[in-house]
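Asks: Provided herewith is a single structure, encoded as structure tokens, for subsequent inquiry.
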Amino acid sequence: IKFDFIDNKNQQKFLTEFGFDVKGLDINVNEISPEFSTYFAMLGYNSVKFDFGSNYGLDKNSNLNFDLDIGITDAASLNFESTFSGLDLSQITNFTDDALLAYLSTNIRVKKIGLTLLDNSLRDKLLNLAAQTSNTSAGAFKSDLIKQMDAYLINSQKTRLLNQYRQAVVKFINGSKKISVKIEPKTPLSFMEMAPYFINPDVNTIIDKLNLNIKN
């Protein structure tokens, strides 16, 4: 935890750094949710423990970074990362709720938002269990899964993102350790600037403006 000056006159201090990391937290899942614990035992895990971590950083250039990691130890984890610009805390001290919401929606700009699924062993265990349940091999089950996805996508609007999605999912099914979805506009955008693209949505415009990517 760190507090530092956030203004050029060095008169106002604020929380500028915060981070923690918890590994292998045992919260006795068997008592809270026996079904969940039993299911993981079926997958071959002797215990279910959790990982949790977060990092926050605010610099004098008004860049705000926030990351969040949650996961099941030795199974899989999910990482959220984000970077925003335009946060000037000296301007929002006396704002009412409505004024604060208006300020945040017009001044806070998205530089990057990303979500990554990282597999350690869960994917293969799930696929193997599903294959056994279907009385088939893991390889045949993977092929069938990809065919089902292609059948669903065949009537979808063909976009660059759709091609990325299919390629990334196929790679993940076949062994890639991670799959990521990321928004990283070439020019940072406020939430108010992004709103018109979702009110009258045009998929290709949204993909282009947000620089939306799916990859391994």
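Asks: Quick one: LEU118 ticks every box in (1) open to solvent by 30 Å² or more (accessible area, probe 1.4 Å); (2) assigned to a strand (DSSP E or B); (3) within 18 Å of PHE191 (Cα to Cα) bar one, so which box is it?
Replies: Just one mismatch for LEU118, condition (3).
Asks: Still on this structure, I have one more. Taking the condition of being part of a strand (DSSP E or B) and of a type in the set (Val, Ile, Thr), how many residues in the stretch 1-46 meet it?
Replies: Within the stretch 1-46, residues that are part of a strand (DSSP E or B) and of a type in the set (Val, Ile, Thr) number 2.
Asks: Of all residues in the stretch 12-29, how many are open to solvent by 50 Å² or more (accessible area, probe 1.4 Å) and under 19 Å from LEU122 (Cα atoms)?
Replies: Going through the stretch 12-29 one residue at a time, the tally reaches 3.
Asks: Hey, can you tell me all the residues within the stretch 159-216 that are within 20 Å of the chain's Cα centre (by Cα), surrounded by fewer than 16 Cβ atoms within 10 Å (Cβ to Cβ), charged (D, E, K, R) and not in a helix (DSSP H, G or I)?
Replies: Listed by number, the residues that qualify are LYS177, GLU184, LYS186, LYS215.
Asks: So, of the residues in the stretch 19-77 that are over 23 Å from LEU104 (Cβ atoms) and among the hydroxyl-bearing types (Ser, Thr, Tyr), which turns out to be modelled with the highest pLDDT?
Replies: SER77
Asks: Just name the residue that is least open to solvent (accessible area, probe 1.4 Å) out of those in the stretch 135-158 that are assigned to a helix (DSSP H, G or I) and of a type in the set (S, T, N, Q).
Replies: SER143
Asks: Inside the stretch 116-162, can you point out the residues that are modelled with pLDDT of 90 or more and polar (S, T, N, Q)?
Replies: Correct list: THR116, ASN120, SER121, ASN128, GLN132, THR133, SER134, ASN135, THR136, SER137, SER143, GLN148.
Asks: Now for a different question. Given the criterion touching a helix residue (DSSP H, G or I) at 6+ places or on another chain (Cβ under 6 Å) and open to solvent by less than 50 Å² (accessible area, probe 1.4 Å), identify the matching residue among LEU89, LEU127.
Replies: LEU127
Asks: Condition first: in contact (Cβ under 8 Å) with a residue 60 or more places away in the chain, among the hydroxyl-bearing types (Ser, Thr, Tyr) and closer than 24 Å to LEU15 by Cα. Can you find one or more residues in the stretch 92-102 that meet it?
Replies: From the stretch 92-102, those in contact (Cβ under 8 Å) with a residue 60 or more places away in the chain are none; that's our starting set.
The answer is no, given that none of the residues of the stretch 92-102 is in contact (Cβ under 8 Å) with a residue 60 or more places away in the chain, among the hydroxyl-bearing types (Ser, Thr, Tyr) and closer than 24 Å to LEU15 by Cα.
Asks: Quick check on the stretch 3-11. Is at least one of its residues under 23 Å from the mean Cα position of the chain (by Cα) and modelled with pLDDT under 90? Show your work before the answer.
Replies: The initial filter retains those residues of the stretch 3-11 that are under 23 Å from the mean Cα position of the chain (by Cα), namely none.
No, the conditions are met nowhere in the stretch 3-11.
Asks: Restricting the search to the stretch 71-85, which residues are of a type in the set (A, V, I, L, M, F, W, C) and surrounded by 16 or more Cβ atoms within 10 Å (Cβ to Cβ)?
Replies: Residues satisfying the conditions are ILE72, ALA75, ALA76, PHE84.
Asks: Further question: Has the stretch 94-115 got any residue that is under 19 Å from ASP51 (Cβ atoms) and either part of a loop (DSSP other than H, G, I, E, B) or open to solvent by less than 70 Å² (accessible area, probe 1.4 Å) (or both)?
Replies: Checked the stretch 94-115: at least one residue is under 19 Å from ASP51 (Cβ atoms) and either part of a loop (DSSP other than H, G, I, E, B) or open to solvent by less than 70 Å² (accessible area, probe 1.4 Å) (or both).
Asks: Okay, moving on. Quick one: count up the residues across the stretch 166-195 that are in contact with a Leu (Cβ under 9 Å, 6 or more places away or on another chain), more than 30 Å from LEU126 (Cβ to Cβ) and β-branched (Val, Ile, Thr).
Replies: 0
Asks: If you don't mind, another one. Output the residues belonging to the stretch 1-11 that are β-branched (Val, Ile, Thr) and open to solvent by less than 90 Å² (accessible area, probe 1.4 Å).
Replies: Once the filter is applied, which keeps residues that are β-branched (Val, Ile, Thr) and open to solvent by less than 90 Å² (accessible area, probe 1.4 Å), the stretch 1-11 yields only ILE6.
The values are calculated or read from the model by the stated rules, or taken from the named source; none is laboratory data. Since we're looking at a predicted model, the values are computed, not measured. As a convention, Cβ positions derive from the backbone with ideal geometry for all residues, glycine included, and neighbour counts pool all protein chains shown. We work out accessible area using only protein heavy atoms, side chains counted, and drop any ligands, DNA or RNA first. Shrake-Rupley method; radii C 1.70, N 1.55, O 1.52, S 1.80 Å.
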